[in-house]
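A.B. asks: Attaching a single structure in structure tokens format; questions to follow.
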Amino acid sequence: MYLASLGRLALGSRLKALSDHFYGAVDEVYQTLGAGIESRWLPVLRYLWDVGPSSVTEVADAIGQTHSAVSQLTDKLLRAGMVRRRKDPADGRRTMLALTDKAHAALAELGPIWCAVRRGVDSSLEQHALQLLEAIAACEQALQQRPVAKAILAEHAAIKAAPLDIVPYAPELREHFYRLNAQWLERYFRIEEVDRMVLSDPERYILQPGGAIFFARLGEEIVGTCALLCESPGVFELTKMGVDETFRGLGAGKRLLDACIAEFHRRDGQTLFLESNSRLKPALRMYEKAGFVLQPSARPGSHYERADVYMIYQPRT
């Protein structure tokens, strides 16, 4: 399932899909058994049935929905003849919602259906039903203590404030070299054998022949990498650049590119080239701004099946 692959990023979407599934299932049951309500009506109707006439604000606070959402649902219930508005006897300025006789009659017949719903959910989900209810209760309590929007904004501020450093290769960073490159290769293309070989043993294929590897570190997280491969004396390839998509937009790619170009100059390199693919337009624009010039055709003898772009660095004077 695609949404599952997005993890916490798609939490709201997954919960909505799950909610829609349950709403749809119960509506199918109601329709099949001739019940006169819709599943989305239940929170308001059941609250008014249990508590009695209440204001929209009281209902919204009790069921955890916004005032606007309850107002919109109330309009539907009014049209369906399930609720009516009346003045609060204790305060003529307040409008109260109350169930109609039609609603009382419909709800009074739902006992066997609600019993079947409880049993059916348990039968379908087995032990997960109780676990889900417990997890929802725990989430509701946690969100009351710290609203998620506030927590997200605090984390965003921390990310923006964290220093972005470019650091050289170290053995303990090897896994990140593979991870960051595999991420974009698997998304856009595939990991070719030459990729697997180099990414699995960067010391042998990049460092020992005279190359260099850099990493972008944001606070304590490694968010990007890029390598300078020595093709032959004085000739270097800019290769294996990857930035974690979660942290794009912070300038890590440009900082890595600048570090590799600076290292190329430090080593008195004569030629610096790269191979890429025309699909990677944002990366190609970054290379062009850094001084790489597009060549009329792919590089002869390229190691990569995906390479249809060949660029050579021409430093601006």
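Read-outs throughout are calculated quantities, based only on the coordinates presented, and are distinct from any laboratory measurement. Note that the coordinates shown come from a computational prediction; the quantities given were computed from them, not determined experimentally. Quick reminder, even Gly has a Cβ in these numbers, built from the backbone with ideal geometry, and neighbours come from all protein chains shown.
A.B. asks: With the calculation restricted to Cα positions, what are the radius of gyration and Dmax of segment 162-313 in angstrom?
C.D. replies: Calculated on Cα positions, Rg and Dmax stand at 14.2, 43 Å.
A.B. asks: Continuing with this model, one more query. Along its principal axes, what span do the Cα atoms of segment 22-155 show, with the longest given first and each in whole Å?
C.D. replies: So the three principal-axis extents are 45, 42, 21 Å.
A.B. asks: For every helix of n ≥ 4 consecutive DSSP H residues, a contribution of -39,500 (n - 2.57) applies; sum these over the chain, divide by its total residues, and give [θ] at 222 nm rounded to the nearest 500 deg cm²/dmol.
C.D. replies: After summing the helix terms and dividing by residue count, I get -16000 deg cm²/dmol.
A.B. asks: Rank by packing, highest mean first: peptides 248-256, 189-197, with packing defined as the count of other Cβ atoms within 10 Å averaged across residues.
C.D. replies: 248-256, 189-197
A.B. asks: Ok, one more. Going by alpha carbons, how many degrees (0 to 90, nearest 10) lie between the helix axis of 42-51 and the longest principal axis of the chain?
C.D. replies: It is inclined by approximately 40 degrees.
A.B. asks: Taking +1 at the Cβ of each Lys and Arg and -1 at the Cβ of each Asp and Glu, which of A216, S200, W114 sits farthest along the dipole of the chain towards its positive end, judged by Cα position relative to the Cα centre?
C.D. replies: Highest projection toward the positive end goes to W114.
A.B. asks: Which of the lysines could a cross-linker span from K102 if the Cα-Cα distance has to be under 29 Å and same-chain partners fewer than 8 positions apart are dropped?
C.D. replies: Result set, ordered by chain and number: K76, K87.
A.B. asks: I would also like to ask the following. Sort largest first and round to whole Å: the equivalent ellipsoid semi-axes of segment 174-222, each the square root of five times a Cα gyration tensor eigenvalue.
C.D. replies: After diagonalising the Cα gyration tensor, the semi-axes are 18, 17, 7 Å.
A.B. asks: When R79, R316 are ordered from fewest to most other Cβ atoms inside 10 Å of their Cβ, what list results?
C.D. replies: Starting with the residue having the fewest Cβ neighbours, the order is R316, R79.
A.B. asks: Which Cα, out of G12, I191, H176, lies furthest along the positive dipole direction of the chain (beta carbon charges, K/R +1, D/E -1)?
C.D. replies: G12
A.B. asks: How long is the gain from Q270 to K150 if the chain were fully straight, where each residue apart is worth 0.36 nm and the alpha carbon distance is subtracted?
C.D. replies: Values: separation 120, 0.36 × 120 = 43.20 nm, distance 5.18 nm.
Gain on stretching Q270 to K150: 38.0 nm.
A.B. asks: Using r as the Cβ-Cβ distance of D101 and Q72, and R0 as 30 Å, what FRET efficiency do you calculate, to the nearest 0.05?
C.D. replies: Approximately 0.80, to the nearest 0.05.
A.B. asks: Determine the dipole magnitude for the chain: charges of +1 sit on the beta-carbon of Lys and Arg, -1 on that of Asp and Glu, nothing else is charged, the reference point is the Cα centre, and the result goes in debye to the nearest 20.
C.D. replies: Roughly 1100 debye, rounded to the nearest 20.
A.B. asks: When the dipole is taken about the Cα centre of segment 216-317, and only Lys, Arg (+1) and Asp, Glu (-1) are charged at their Cβ, what size is it in debye, to the nearest 20?
C.D. replies: 300 debye
A.B. asks: Checking the table K150/K254; K160/K289; K150/K240 against a 27 Å threshold on Cα-Cα, which pairs fail?
C.D. replies: Result: K150/K254; K150/K240 exceed 27 Å.
A.B. asks: Taking a label point 7 Å from the Cα of R190 along the Cα→Cβ vector, which residues of segment 286-305 have an amide N closer than 16 Å to it?
C.D. replies: Answer for segment 286-305: 304-305.
A.B. asks: Over the alpha-carbon set of segment 110-149, work out the extent along each principal axis and list the three values in angstrom, largest first.
C.D. replies: Projected onto the principal axes, the Cα atoms of segment 110-149 cover 39, 23, 13 Å.
A.B. asks: Let me ask something else. Does anyone have the angle between helix 281-290 and the longest principal axis of the chain? Alpha-carbon axes, 0 to 90°, nearest 10?
C.D. replies: It is inclined by approximately 40 degrees.
A.B. asks: Sticking with this one: Using the alpha-carbon atoms, what tilt in degrees (0 to 90, nearest 10) does helix 174-188 show relative to the longest principal axis of the chain?
C.D. replies: 70 degrees
A.B. asks: In nanometres, what is the gap between the two model label sites at R316 and D50, each 7 Å from Cα along Cα-to-Cβ?
C.D. replies: A separation of 6.7 nm, rounded to one decimal place.
A.B. asks: Can you compute the charge dipole magnitude of segment 98-141 about its Cα centre, using +1 on each Lys and Arg Cβ and -1 on each Asp and Glu Cβ, nothing else charged? Give it in debye, rounded to the nearest 20. Don't jump to the answer; show the numbers that get you there.
C.D. replies: Working: 3 positive and 6 negative charges, 27 e Å.
The calculation lands at about 120 debye.
A.B. asks: Once the principal axes of the Cα atoms of segment 14-56 are found, what is the range along each, listed largest first in whole angstroms?
C.D. replies: Result, largest extent first: 31, 29, 13 Å.
A.B. asks: Semi-axes of the equivalent ellipsoid for the chain, please: Cα gyration tensor eigenvalues, times 5, square-rooted, ordered largest first, whole Å.
C.D. replies: Over the Cα atoms of the chain, the ellipsoid semi-axes are 62, 21, 18 Å.
A.B. asks: When the Cα centres of segment 59-107 and segment 164-192 are compared, how far apart do they sit, in Å?
C.D. replies: Using only Cα atoms to place each centre, the spacing works out to 57 Å.
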